[in-house]
Every structure is written in C-alpha cells, then in structure tokens.
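Q: Starting off with a structure, shown below.
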Amino acid sequence: MKFIKFDIKIIFIFSFSLFTFNFLGAQELQSLISESLLNSPKIKKFELQYRIASEKVNEVNTLPNTDFGVGYFISEPETRTGAQRFKVSIKQRLPWFGSITARENYINSLAFTKYEDITIAKRKLIVSVSKSYYKLATNTAKKAILNNNIKLLKTYETLALKSVEVGKASVVDVLLLQIRTNEIQQLIRFLEQQYISEQTNFNKLLNRDKDTAINTLNALDIPSVDFEMNPEKLVFHPELLKYDKLYQSIEKSELLNQKENKPMIGFGLDYVNVSNRTDLNFSDNGKDILMPMLSISIPIFNTTYKSKTKQNELQQQEFLVQKQDRLNALEVLLDNAINNRVFARVSYETQVKNLKQAKNAEEILVKNYETGMIDFKEILDIQELQLKFEMNTIESVNNYFIQTTIINYLAQ
C-alpha cells in the first residue's frame, strides 16, 4: 500500500499542473500514467531491490553462531576420580551492548536510500510517458493540418483548372499545385512512420504490446495562465533527498563501527565424561566434570576500525559535494525549463498572429479570382507560409508542455 499511496500523490501533482490543456486529455494521460506505474518492469525492479534491502534487517538481527564441540580421548587421561572418556563443549559469543540494534539501524538506512530510487524512477517514468504522449499528440495534430492543406490545394487545383479553361491561368500553375500536394503527402507518410516508432516507445513504457492503439488529442492548447510553481521545492527533490539518506546511512555505519570496536563477550560450558575407577571405591568415583567458561575478545589491533572511521568521514564529505553538484545541475535545468516555457508561449502567440495575417492575405488573393486576377504562385507562397505558421504553432505548444513536464519533475 505504501507504493500505491505514492503513485496517487505523484499523479495528483502532475494532473493538477500538466493536464490543464484539456480535461478529457488529462483523464486519458492520467490513466496511462497510472498504468505505466503499475506495469513498468523498471519500477518493479526498484521495488524488489527495496524489499531485498528491507529483508536484510532480519539477516543481521541475530547472534553469532553457537559453537558446539565433541572430543573423544583416544588415550584416556587418568584423574583422581577416573579416566576421562570424551568431552562436549558449547560456546556462545555476544556482541557489545547495542551492536545488533546499530546493525539493524544501518541496514534500515540503506533500505531508505533504495526507497528514494523508487521515487526517482516513478517521477522519471511519468516524465517519459508524458513526453511520449505529447509527441504522439503533436504528430496527430500535424497530420490533421497537412490533410487540411491537401484539401485546400485540391480546391485551388479545381480553381486553376477552371482558370486554364478560360485562359486566366497556365497549366504550369496546375502542375505546381500538384507538386505541392505530392510534397505534403510525403510529409504525411513520414509522420505516419514517426508515429509508429513513437507508438512502440510509448507502449513499451507501459509494458504492453507495441501495436496497442493510443487515443490522443487532435490538438493541444496552451493554458491562458501558467500553474503556480515554487522553485524552493527543488531542495526537497528526491534526487537530493537521496544524498541526505546516504549521508545518514554513513552516520549509522559509523555508530556500528564504534560498536564493533568494543570487546565481544563469550559464554561457554565444557562437559567431560569420566569413567569409574575399579581399583578404588570413594564418594566421587567417576564423577563427571562440568566447567563453565567466560571469555572476552578485545580488538587490541584496531587499525581497521580507525580506518573505517576515516573512510566514513570522507564518504560523508563526498555525498555533501555530490549533493551540491546535483543541486547546481537541477537549478540550471529548472531555470532553462522556465525560460524555454516562456519562449514557447511567446513563440505560440507570434505564430498565431502570423497565421491570422497569412489567412487574411489568402482571402484577398482568393477574392481577386472573382475579378479575374489570380496568381497561383502567390497563393502557393501564402499557403506555404500558412502551413509553416501552423506547424510552428503546434511545435510551440508541444515545447510548452514538454518544459512544463520538466518543471513538474523538478519543482513539484
């Protein structure tokens, strides 16, 4: 249940900030993300690693092996009470007080770092699924625009043929329109191949058959207002928290090292079987020997433990440096994503304005057809500009959501 709760939390964060483009699209993408988190082999791999690390606590929560020994006297030594026949011994060593608890705490701290790997992997998977979904949606939108342009070119071709009949246009104009149509059809086929490739990538992220159909939106719209974002949340990113957990694990490791540097106490018991003497008769004749024992193991040569302490200190310094380095990198990524998203919005607004002006120019050219003045070359130029602006608009929207996805990964 711990993993499921995390999934819901992460999906809620992304659904709040990413899915503002369309409610139905939000539901579809949210459902796909849930499926990917449930089925991803990579996530399952990290979860299994976490469970293995957690299970190691039971492995260390134990005492050293109990020593049993049996000895038989081939040449039986004689004592006053009789000859010794065989010997049985048992010995148990005990670590210093708190050593087992320290070992458990250390193993638990390692398990916590594995859990952060699960958190990071899930966030990265959400980013990958979202990006792939937007690529598919962008591809679909581009194909829709290209198909509309083909219809428009067919209309112009009909006008051109009529103009040729009345001598107002050249056959060359018709051929140019047909060539342009062929070029757009080629772009559509190229996009179709791109879609198949990305569809395979997307389905494999969800761990399902590569040919599974995907329902995407035909168009994405940039929301009027960007969602609120707090850059200060970056310091709580799982990639950085993992270094905190690693640092804490070294603290636990050093506590364990100090415990292991303490003496070990051993308790034992020896039993010696003694046979009766036949030459004498007395009260202790053949009395067995029972000898309790106490031992202590002192690490006199403790260079190993001192070296371990030094290693722990250096490793903690290393984790602090690595965390700062990663924080710097994440801050750069976040700043770039924020600026790129602003650029995407500006680009989108510019393309929309240009597209409106291109359509106005197209209307003027088409109206000139009624007065007998029509230049199909100019129409092709305007149509090409219009297509360029439409495609750039889609790319701007796609870039906006890609950058939003990156911001979510870093600052949510």
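The values are calculated or read from the model by the stated rules, or taken from the named source; none is laboratory data. All figures in this text were calculated on a predicted structure; none of them were measured in a lab. Using ideal geometry, Cβ is built from the backbone for each residue, glycine included, and neighbour counts are taken over all protein chains shown.
Q: Which residue pairs have Cβ atoms under 8 Å apart, sit 6 or more places apart or on different chains, and have a first residue in region 62-86 that is assigned to a strand (DSSP E or B) and a second that is of a type in the set (Asp, Glu) and surrounded by 13 or more Cβ atoms within 10 Å (Cβ to Cβ)?
A: Ala83/Glu76; Gln84/Glu76; Arg85/Glu76
Q: May I ask you to say which residue of Asn312, Asn368, Asn360, Asn328 is modelled with pLDDT under 95 and under 32 Å from the mean Cα position of the chain (by Cα)? Spell out the reasoning first.
A: Details: Asn368 fails: under 32 Å from the mean Cα position of the chain (by Cα); Asn360 fails: under 32 Å from the mean Cα position of the chain (by Cα); Asn328 fails: modelled with pLDDT under 95.
From the options Asn312, Asn368, Asn360, Asn328, the qualifying one is Asn312.
Q: Let me ask something else about it. Tally time: how many residues in region 147-156 are over 47 Å from the mean Cα position of the chain (by Cα) and farther than 16 Å from Asn368 by Cα? Full working, then the answer.
A: Taking region 147-156 first, the residues over 47 Å from the mean Cα position of the chain (by Cα) are 154-156.
Next, from what is left, pick out any that are farther than 16 Å from Asn368 by Cα: 154.
Within region 147-156, residues that are over 47 Å from the mean Cα position of the chain (by Cα) and farther than 16 Å from Asn368 by Cα number 1.
Q: Out of all the residues in region 146-178, which are farther than 15 Å from Gln383 by Cβ, assigned to a helix (DSSP H, G or I) and polar (S, T, N, Q)?
A: Ser163
Q: While we're here: Just to be sure, is Tyr106 crowded, with 18+ Cβ neighbours inside 10 Å and over 24 Å from Ile379 (Cβ atoms)? Give the steps one after another, and end with the answer.
A: Values: crowded, with 18+ Cβ neighbours inside 10 Å: yes; over 24 Å from Ile379 (Cβ atoms): yes.
So Tyr106 passes the test.
Q: Any idea which residue in region 283-318 is surrounded by the fewest Cβ atoms within 10 Å (Cβ to Cβ), counting only those that are hydroxyl-bearing (Ser, Thr, Tyr) and closer than 24 Å to Val272 by Cβ? Steps first, answer last, please.
A: If we filter region 283-318 for residues that are hydroxyl-bearing (Ser, Thr, Tyr), which is where we start, we get 283, 295, 297, 303-305, 307, 309.
From what is left, the residues that are closer than 24 Å to Val272 by Cβ are 283, 295.
Details: Ser283: 6, Ser295: 12.
Ranking the qualifying residues of region 283-318, first place goes to Ser283.
Here's the yes/no breakdown for (1) in contact (Cβ under 8 Å) with a residue 40 or more places away in the chain; (2) touching a His at 6+ places or on another chain (Cβ under 6 Å); (3) over 26 Å from Leu246 (Cα atoms):
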position: Tyr271; (1), (2), (3): yes, no, yes
position: Val274; (1), (2), (3): yes, no, yes
position: Asp279; (1), (2), (3): no, no, yes
position: Leu290; (1), (2), (3): no, no, yes
position: Ile296; (1), (2), (3): no, no, yes
position: Lys306; (1), (2), (3): no, no, no
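Q: If you don't mind, there's one more thing I want to ask. I'd like to know if region 107-127 contains one or more residues that are closer than 30 Å to Met293 by Cα and either acidic (Asp, Glu) or touching a strand residue (DSSP E or B) at 6+ places or on another chain (Cβ under 9 Å) (or both). Reasoning before the result, please.
A: Initially, region 107-127 is screened for residues closer than 30 Å to Met293 by Cα, giving none.
No, region 107-127 has no match at all.
Q: Considering only residues of region 256-287 that are in contact with a Gly (Cβ under 7 Å, 6 or more places away or on another chain) and not in a strand (DSSP E or B), which is farthest from Glu76 (Cα to Cα)? Write out each step before concluding.
A: Filtering region 256-287 for residues in contact with a Gly (Cβ under 7 Å, 6 or more places away or on another chain) gives 259, 274-277, 285-286.
Those left that are additionally not in a strand (DSSP E or B): 259, 275-277, 285-286.
Values: Lys259: 44, Ser275: 10, Asn276: 12, Arg277: 13, Asn285: 16, Gly286: 13 Å.
Once the filter is applied, the top-ranked residue is Lys259.
Q: In region 232-250, what count of residues is obtained for those that are free of Cβ contacts under 8 Å to residues at least 24 places away in the same chain and either outside any helix (DSSP H, G or I) or buried (at least 16 other Cβ atoms within 10 Å of the Cβ) (or both)? Explain how you work it out, then say what you get.
A: First, the residues of region 232-250 that are free of Cβ contacts under 8 Å to residues at least 24 places away in the same chain: 232, 236.
Imposing the further condition that a residue be either outside any helix (DSSP H, G or I) or buried (at least 16 other Cβ atoms within 10 Å of the Cβ) (or both) reduces the set to none.
So the count comes out to 0.
Q: If you don't mind, another one. Of these, Val397, Val342, Val366, Val321, which one is among the hydrophobic types (A, V, I, L, M, F, W, C), under 30 Å from Tyr134 (Cβ atoms) and surrounded by fewer than 16 Cβ atoms within 10 Å (Cβ to Cβ)?
A: Working: Val397 fails: surrounded by fewer than 16 Cβ atoms within 10 Å (Cβ to Cβ); Val366 fails: under 30 Å from Tyr134 (Cβ atoms); Val321 fails: under 30 Å from Tyr134 (Cβ atoms).
Going through Val397, Val342, Val366, Val321 in turn, just one is among the hydrophobic types (A, V, I, L, M, F, W, C), under 30 Å from Tyr134 (Cβ atoms) and surrounded by fewer than 16 Cβ atoms within 10 Å (Cβ to Cβ): Val342.
Q: Which number in (1) crowded, with 16+ Cβ neighbours inside 10 Å; (2) not in a helix (DSSP H, G or I) marks the one condition that Ser253 misses?
A: (2)
Q: Has region 43-55 got any residue that is among the small types (Gly, Ala, Ser), under 50 Å from the mean Cα position of the chain (by Cα) and part of a helix (DSSP H, G or I)? Before you say what the answer is, go through the steps one by one.
A: Step one: filter region 43-55 for residues among the small types (Gly, Ala, Ser), giving 53-54.
Filter once more, keeping what is under 50 Å from the mean Cα position of the chain (by Cα): 53-54.
Then keep just the ones that are part of a helix (DSSP H, G or I); that gives 53-54.
Yes; the residues of region 43-55 include at least one that is among the small types (Gly, Ala, Ser), under 50 Å from the mean Cα position of the chain (by Cα) and part of a helix (DSSP H, G or I).
Q: Now a separate question. Out of the residues in region 256-274 that are crowded, with 17+ Cβ neighbours inside 10 Å and under 21 Å from Gly71 (Cα atoms), state the one that is modelled with the lowest pLDDT.
A: Val274
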